[in-house]
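The values are calculated or read from the model by the stated rules, or taken from the named source; none is laboratory data. The model shown is predicted, which means the values in this text are computed figures rather than measured ones. Using ideal geometry, Cβ is built from the backbone for each residue, glycine included, and neighbour counts are taken over all protein chains shown. To get the accessible areas, we keep the full protein, side chains included, count just its heavy atoms, and leave off ligands, DNA and RNA. Shrake-Rupley method; radii C 1.70, N 1.55, O 1.52, S 1.80 Å.
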Amino acid sequence: MSPYVAPVASTETLPASADVVIIGGGIIGVAAAWHLARRGISVALCEKGVIGGEQSSRNWGYCRQQGRDPAELPLIRESMRQWETMADDLGEDVGYRRTGVHYLAADAAGMKRFEDFMPHARAHGLDTRLLSKAEAAQALPGATRAWAGGMVTPSDGRAEPALAAPAIARAAQREGAAVLTNCAVRGLERSAGRISGVVTERGTIATQTVLLAGGAWSSLFSRSLGIDLPQLTVRSSVMRTHGGPDVTQGGAWTKKFALRRRLDGGYSIAHGGLSTADITADSFRYFFDFLPILKDEWRDTRLSIGRRFLESLKQKGTWALDRPTVFEDCRVLDPRPVAATLEAAWRDLVAVLPDFAQVEIAERWAGYIDTTPDAVPVISPVSSLPGFFIATGFSGHGFGIGPGAGRLAADIATGAAPCVDPAPFALSRLSRRGRARG
């Protein structure tokens, strides 16, 4: 079941040309469009379905700095600066509240992971601090169990995934950006080895600069251009409640369950550890790229094989641009939530917080997280195709970091001074992968 996402009225007329064309209307793509339009750069954003319709509206809604890969910390700092002023900048509330997000450790091993993050937090000036057993107990009042301790960053917060990307897209439109929904991009036109246009189902937009922010679709689209981008998808299941006890105004993560307070007074709830990897042809194509992280995460990963595997076997690597493509066949990726994972999360939540036992679950959904072999995003030019840039692979960290990632992508695509050092996000770091074949 697709969760609610706020509507965005599509720009009616396909522009004949644009300085930059963005492929993908998730939070990264719309943030990039907003930043570009504010600088007076003409931009057209093409989304095959609806704005924020896939993972950007299906995530937990955390805006967090703590627990990230150190490479992401400068970028999340930039994003948090934007989240703090976003309601004023956009002229509408996206649900951002500075509440902190509590991480709770069940044992000493869990605390060790939090302790290992502290040197990075200090190096980047975060207000992160460790929690004692007593302080951890206060994070979830009424809990039936004790915690070994925890970690919190008071300047972290929460926002509403259903509202954020659409609000940013509407702001980009007000700044002059064309935001085209139900407008799939089929491919690119090239002249003298450089991009000259973007072919959409509604016609061609002349441009020399393209930013691919296609989330789970990025690897397939890149492969059609001869670019080998190692990316897999992980299915994450979430549910929301009608109301609930007043246990937190922000978010709380444990190994067994995670929850986030919503603007409507309910909660978004998920499993804190388990996720599902649907086996596809890419699982074999990029097996050795992902083998190291699979060895580390195998206890928390459930493998599934089904319809997506068969569909991936039929999927061609290239296609004609004058007829409908797979992007038009699937306007919105809407995977089925994994019932067993959600049931386990709910069972553990109720065992720890019994007041939830009488709370009604309003709906359940799932989304596909785009992942890279090192769980760090790609925000980078592609050296083999001048004018082509990629922003993808946010590995479950993309919502909170989205505003800053969009700004960095806009900087790189236009040759502006980057808001943070882009080197950690370079495509070239992925060894032989992520570079054009031939």
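A few remarks follow.
- Residue identified as part of a strand (DSSP E or B) and modelled with pLDDT of 95 or more among 196, 222, 218: 196
- Output for the range 138-178, where each listed residue is open to solvent by 50 Å² or more (accessible area, probe 1.4 Å) and either farther than 24 Å from residue 94 by Cβ or charged (D, E, K, R) (or both): 138, 141, 142, 144, 145, 146, 170, 174, 175
- Identity of the residue in the range 106-119, without any contact (Cβ under 8 Å) to a residue 60 or more places away in the chain and surrounded by 18 or more Cβ atoms within 10 Å (Cβ to Cβ), that ends up nearest to residue 350 (Cα to Cα): 111
- For the range 338-352, filtering for residues that are within 13 Å of residue 269 (Cα to Cα) and either open to solvent by less than 20 Å² (accessible area, probe 1.4 Å) or part of a strand (DSSP E or B) (or both) leaves 5.
- Of all residues in the range 1-28, those being more than 22 Å from the chain's Cα centre (by Cα) and not in a loop (DSSP other than H, G, I, E, B) number 1.
- The listed residue being open to solvent by less than 10 Å² (accessible area, probe 1.4 Å) and either touching a Ser or Thr at 6+ places or on another chain (Cβ under 6 Å) or not β-branched (Val, Ile, Thr) (or both), out of 224, 218, 236, 191: 218
A quick yes/no check of all residues on (1) under 30 Å from residue 367 (Cα atoms); (2) in contact (Cβ under 8 Å) with a residue 12 or more places away in the chain; (3) in contact with a strand residue (DSSP E or B) (Cβ under 6 Å, 6 or more places away or on another chain):
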residue	(1), (2), (3)
45	yes, yes, yes
52	yes, yes, no
69	yes, yes, no
76	yes, yes, no
92	yes, yes, no
98	yes, yes, yes
103	yes, yes, yes
130	no, yes, yes
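- Residue within the range 79-86 that is in contact (Cβ under 8 Å) with a residue 60 or more places away in the chain, assigned to a strand (DSSP E or B) and open to solvent by less than 20 Å² (accessible area, probe 1.4 Å) present: no
Residue-wise test of (1) surrounded by fewer than 18 Cβ atoms within 10 Å (Cβ to Cβ); (2) among the hydroxyl-bearing types (Ser, Thr, Tyr); (3) in contact (Cβ under 8 Å) with a residue 40 or more places away in the chain; (4) over 26 Å from residue 36 (Cα atoms).
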position: 358; (1), (2), (3), (4): yes, no, no, yes
position: 394; (1), (2), (3), (4): no, no, yes, no
position: 402; (1), (2), (3), (4): no, no, yes, no
position: 420; (1), (2), (3), (4): no, no, yes, no
position: 430; (1), (2), (3), (4): no, no, yes, yes
